[in-house]
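*Asks:* Before I ask anything, let me first share the structure, which is written out below as structure tokens.
Here, each number is a calculation from the coordinates, and none is a lab measurement. Owing to the predicted nature of the structure, the values given are computational and were not obtained by experimental measurement. Here the Cβ is made from the backbone with ideal geometry for all residues, glycine too, and neighbour counts use every protein chain on show.
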Amino acid sequence: MRTDIDRLREEALAAVACAGDIEALDQFQVLYLGRKGRVTTILRGLAGVPAAERPALGAIANQARAEIEAALARRRQELAAEVERRRQAAEAIDVTLPGVPWRVGRRHVLNVVRKEIEEFFLHLGFSIAEGPEVELDHYNFELLNIPRGHPARESQDTFYLTDELLLRTHTSPTQVRVMQAMAPKLPVRVISPGRVYRRDSVDASHLPFFHQVEVLAVDRGVTFADLKGTLEHFARSFFGQGTRVRLRPSYFPFTEPSGEVDVSCMCEGRGCSACGGKGWIELLGAGMVHPRVLEAGGYDPEEVAGYALGLGVERAAMLVHGIDDIRLFGQNDIRFLEQLGEEGC
Ligand code: PHE
């Protein structure tokens, strides 16, 4: 019996020493010292031992129980301390570590330029209206006097979602949308910035998507002189006081007459790569709103007139910053973005 007790004690002490958590300890407590535990059972069994051996065996058994109890208590403390230590380690903040610097982003140069254009026209009393990028053929072409089969559609091929639904090729459809929303109120003075799409092969001056700002002014008595004055004022404030503006006759189905607008190059015609030595740089398309477009917008062309222009944001940004490759705008090259972007969001 003595060896039984010794073996049990060794086994129990070893088990307790290896217990990995409090739950395991609780189980061992029940297993050895519980009411039906193995040590308890031995102590009870002492009743059947001859009286002469009982005191000695009793002492050994009690001793074993005390040792197991002590070991349990000790291991319990160790485990509790370990849990606490882990908790503290997990919560610890090393205030001496260097902080993680925020990488602050910048406004994209296209947004900066777009905003400058917007601000110029806001100062002139225009307001901003946005149109959908996924547009109906009806607004993108039909109501702008470009029926199906019209050759002007060729230079503005685009991505069609259905026969009727396409990615808009210019911001001009917002002309009609804005007029329809405002008619018969006057004056209409609205600009509409946004992204446009065309089926173009990518090269240094073409991307299949780019940005425009549409400008529309409709009122009684608006003339070509208003358009010209606005263009000159814009060109000077945007590209510098000395900038000159040149209007070349052109054709857009939704303006009549139409013109293409060039601004004088910084080289003054001495020849540089920006203007190819011509001294002029093409900036935008413009004209007097076509009577059919005014009608589509809900205005009487006998009563009111308007001018419209469509400005390429990439082109303006390239001119202002001397950028020679339009692809740079979309490449996410951090060196380019940091050079030309503006702080803030
Ligand atoms: N929508 C034309 C284009 O994208 C530009 C334009 C706008 C021309 C307004 C005249 C008037 O080419």
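*Asks:* Please arrange Lys185, Lys278 by counting, for each residue, the other beta carbons lying within 10 Å of its beta carbon, fewest first.
*Replies:* Taking fewest neighbouring Cβ atoms as first place, the list is Lys185, Lys278.
*Asks:* If you don't mind, another one. Ranked by Cβ crowding within 10 angstrom, fewest neighbours first, how are Leu8, Leu31, Leu283 ordered?
*Replies:* Lowest count first: Leu31, Leu8, Leu283.
*Asks:* Treating only the Cα positions of segment 85-169 as identical point scatterers, give the base-10 log of I(q)/I(0) from the Debye formula at each q in 0.10, 0.15, 0.20 Å⁻¹.
*Replies:* -0.56, -0.82, -1.02
*Asks:* Using modelled backbone amide H atoms (1.01 Å from N, in-plane), which distant-in-sequence or interchain residues come within less than 5 Å of Phe209's amide H?
*Replies:* Distant-sequence amide H within range of Phe209: Arg198.
*Asks:* For segment 2-91, what Kirkwood radius comes out of the mean inverse Cα-Cα distance, in Å?
*Replies:* This gives a value of 14.2 Å.
*Asks:* Can you find, among Ala316, His233, Gly287, the residue farthest towards the positive end of the dipole of the chain? Put +1 on the C-beta of Lys and Arg, -1 on that of Asp and Glu.
*Replies:* Value computed over the given set: Ala316.
*Asks:* Just to confirm my numbers, what's the Cα centroid distance between segment 170-227 and segment 87-153 in Å?
*Replies:* Result: 17 Å between the Cα centres.
*Asks:* Could you run the Debye sum over the Cα atoms of the chain, one equal point scatterer each and no solvent, and tell me log10 of I(q)/I(0) at q = 0.14 Å⁻¹, two decimals?
*Replies:* For the chain at q = 0.14 Å⁻¹, log10 I(q)/I(0) is -1.12.
*Asks:* Where does each of Arg114, Arg195 land when they are ranked from fewest to most other beta-carbon atoms within 10 angstrom?
*Replies:* Arg195, Arg114
*Asks:* Given an 8 Å cut-off on Cα distances and at least 6 residues of separation, report the relative contact order of the chain as a percent.
*Replies:* It comes to 16 percent, rounded to a whole number.
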